[in-house]
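Undergrad: Take a look at this one; I'll ask things after.
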Amino acid sequence: MIAAALRRIGLVEDHESVIIGVSAMLSAEADLEVVASAGTVRELLDQTHDLDLVVLDLRLADGSVPEENVRTLREHGVEVLVFTGAENAFLVRSAARAGVLGVIRKSEDASYVVDAVRRAASGAQVVTTDWAAAIDGDPRLSDVGLSPRQEEVLTLYASGEKASRVARLTGLSEQTVNDYLSRIRQKYSDAGRPAPTKTDLYKRAVEDGWLPVPESPHLQS
């Protein structure tokens with residue numbers, strides 16, 4: 001049996017008890033390892049960039065803005081899972097807008113936290129009611145201004161179709177589809193919501209309602 005790849009986890013949290021708690025939760029997992037922790041994003045990145053995932057608290061003593069923290073981490077190639085009390089909807093929306101993989105509460109059971117970290121460290125979205133509510137409740141997420149044709153191309157491509165298949169389904173040439181995708185990416189970038197990869201385009205399509213929020217059993221709890 002092939003062992004699961006080791007995922008390197010960083011924690012950005014300014015409460016020592018939370019760092020100890022999360023580290024203890026993950027210590028028994030052969031495929032997850034907390035390799036660095038810090039009270040700010042900058043301090044963490046000064047330690048290492050070699051991370052598969054950062055578990056980020058929204059309220060930090062340095063007064064930093066969640067949206068900027070998430071973008072800084074993603075600019076360094078690191079995905080983010082928010083770990084929060086979720087008491088501030090504005091902060092949750094701010095993080096969701098920047099492209100986190102999910103939002104989980106500190107009150108969740110340890111087994112759920114471990115599973116969420118494992119999924120996010122593998123690049124999968126962690127769908128929760130807080131994450132979905134943040135997307136649904138943010139009026140700024142719809143300000144990209146896609147044309148109906150761009151919406152059609154985005155929906156097909158982000159749902160998993162290749163550009164050649166999108167071309168056949170829409171009656172466009174493959175070059176025209178790629179041109180549309182470039183314009184779509186530029187519009188998202190101009191709106192402060194960059195989408196350089198296909199996964200990012202999928203996230204934006206979900207955020208803007210072109211694709212449904214993925215179902216999760218936890219949404220029913």
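Undergrad: How many residues, within region 138-153, are at pLDDT 90 or above and under 25 Å from Val92 (Cβ atoms)?
TA: 0
Undergrad: Could you check region 20-38 and list, in sequence order, the residues that are touching a Gly at 6+ places or on another chain (Cβ under 9 Å) and of a type in the set (A, V, I, L, M)?
TA: Matches in region 20-38: Val34, Val35, Ala36, Ala38.
Undergrad: Next up: Check Val34, Val70, Val41, Val54 and return the single one that is crowded, with 18+ Cβ neighbours inside 10 Å, in contact with a helix residue (DSSP H, G or I) (Cβ under 7 Å, 6 or more places away or on another chain) and farther than 25 Å from Asp200 by Cβ.
TA: Val34
Undergrad: Can you give me the ranges of the helices (runs of 4 or more DSSP H) entirely in region 1-103 with at least 3 residues that are more than 18 Å from Gly192 (Cβ to Cβ)?
TA: Helices (runs of 4 or more DSSP H) meeting the threshold: 16-27, 41-47.
Undergrad: If you don't mind, there's one more thing I want to ask. Condition first: outside the structural domain of Val82 (by TED's automatic domain parsing), over 30 Å from Leu51 (Cα atoms) and either among the hydrophobic types (A, V, I, L, M, F, W, C) or modelled with pLDDT under 90 (or both). Can you find one or more residues in region 176-194 that meet it?
TA: Yes, region 176-194 has at least one match.
The values are calculated or read from the model by the stated rules, or taken from the named source; none is laboratory data. Because the structure is predicted, anything quoted here is derived from the model rather than measured. Using ideal geometry, Cβ is built from the backbone for each residue, glycine included, and neighbour counts are taken over all protein chains shown.
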